[in-house]
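Okay, so here's the structure we're looking at.
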Amino acid sequence: MDKDIRNEGWSSGLAKGRRWAGIGWSLLFLLVPVLGVATFAVAPVYDVWLPKDVSEHGRSIDSLFYFILVLTGVVFIATEVLLFWFMWKYDAAASAKPATYIHGSHALEVVWTIIPAATMLFLAIYQMNTWADVKMRRPRIAPSAEVVARQFEWRIRYPGRDGTLGTTDDLFVVNDLHVPIDEDFLVQLKSMDVLHSFFLPNLRIKQDAVPGMKQPVWFKATEAGSYDIVCAEICGWGHYKMKGRVTVESRADFDLWLERLEAEQEATQPAPEPATVAAD
Ligand SMILES: [Cu+2]
């Protein structure tokens, strides 16, 4: 008899422990959507949200981002709350009925396959115009500059006075891209060694630099200032230091900067070899 009482006490203690564990787990899962949503709400206040957009096409990319964020956010909250509710309601310790295993509902599975598929299809069609603007409708101008990614820097080449890349008056600079404000700027992107990714967060530009390929990248900057260029592809041990600056400035300042670059480059050119006179 003694033994029975001891056992009863032990098993009711265990049931109590399980009950508390069940409540604990449910609340933990409830914290996921609560903290998740709080993070998004608080981030802009601490300025750890999207970098400031200074490009013409950035607004449409940002609005797509927010649209998808809200869409997935609603689904995320709904599923997490449902998870909490199921753990709370069907706590094993509180229910006398043992769990039963069922095959599932065919109709329900069809519904939860069709809804995401239709949503994906809608997004694919809805974003087409933005994609075309950023990646397909290239401005009909000669390349404004060439950017060559290499471990671990951005080598930049301007066409010089003749406006053509690959000629003797080309101007070279490293990690210091300058662009005129409110003008289409077309970059010819290349890689000298491995895969890199040319990422201008403020201009909402991100493009892989692929060895052996010339990728056109274009944008129109709308606000003067100095912004980051970073590499968004793990490209080797020095990936982290592959950073440059993009300076957006007025046309006059841009031309002045090019002139200075030209003068600097001329000054460091070796003096031409004296013409050798053929001895008679
Ligand atoms: Cu890189």
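The values are calculated or read from the model by the stated rules, or taken from the named source; none is laboratory data. Model, not experiment: these values are computed from the prediction. Counting neighbours? That spans all protein chains shown, and the Cβs are built from the backbone with ideal geometry, glycine included.
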- Task: Go through segment 60-78 residue by residue and tally those that are surrounded by 13 or more Cβ atoms within 10 Å (Cβ to Cβ), more than 12 Å from residue 40 (Cβ to Cβ) and not hydrophobic (A, V, I, L, M, F, W, C).
- Result: 2
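Does at least one position in segment 210-228 carry a residue that is within 9 Å of the ligand (Cβ to nearest atom), closer than 17 Å to residue 177 by Cβ and in contact with a helix residue (DSSP H, G or I) (Cβ under 9 Å, 6 or more places away or on another chain)? Talk me through it step by step, then tell me what you get.
Applying the first criterion (within 9 Å of the ligand (Cβ to nearest atom)) to segment 210-228 yields none.
No, because not a single residue in segment 210-228 is within 9 Å of the ligand (Cβ to nearest atom), closer than 17 Å to residue 177 by Cβ and in contact with a helix residue (DSSP H, G or I) (Cβ under 9 Å, 6 or more places away or on another chain).
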- How many residues does segment 165-193 contain that are among the hydrophobic types (A, V, I, L, M, F, W, C), in a loop (DSSP other than H, G, I, E, B) and surrounded by fewer than 16 Cβ atoms within 10 Å (Cβ to Cβ)? 1
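With respect to residue 198, is the statement that it is of a type in the set (Phe, Trp, Tyr) and either assigned to a loop (DSSP other than H, G, I, E, B) or more than 21 Å from the chain's Cα centre (by Cα) (or both) true?
Values: of a type in the set (Phe, Trp, Tyr): yes; either assigned to a loop (DSSP other than H, G, I, E, B) or more than 21 Å from the chain's Cα centre (by Cα) (or both): no.
For residue 198, the condition - of a type in the set (Phe, Trp, Tyr) and either assigned to a loop (DSSP other than H, G, I, E, B) or more than 21 Å from the chain's Cα centre (by Cα) (or both) - is not met.
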- Note on the structure: Here the qualifying pairs (Cβ atoms under 7 Å; residues six or more apart or on different chains; first in segment 246-268 and surrounded by 15 or more Cβ atoms within 10 Å (Cβ to Cβ); second of a type in the set (S, T, N, Q)) come out as 247/226
- Message: Is it the case, given these coordinates, that residue 205 is in contact (Cβ under 8 Å) with a residue 24 or more places away in the chain, touching a Gly at 6+ places or on another chain (Cβ under 7 Å) and within 16 Å of the ligand (Cβ to nearest atom)?
- Response: no
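If we scan segment 145-163, do we find a residue that is among the hydroxyl-bearing types (Ser, Thr, Tyr), surrounded by 15 or more Cβ atoms within 10 Å (Cβ to Cβ) and over 22 Å from the mean Cα position of the chain (by Cα)?
Step one: list which residues in segment 145-163 are among the hydroxyl-bearing types (Ser, Thr, Tyr), which gives 158.
Then keep just the ones that are surrounded by 15 or more Cβ atoms within 10 Å (Cβ to Cβ); that gives 158.
Then drop every residue that is not over 22 Å from the mean Cα position of the chain (by Cα), which leaves 158.
Yes, the conditions are met somewhere in segment 145-163.
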- Single condition residue 166 does not satisfy, out of (1) at pLDDT below 95; (2) under 26 Å from residue 225 (Cβ atoms): (2)
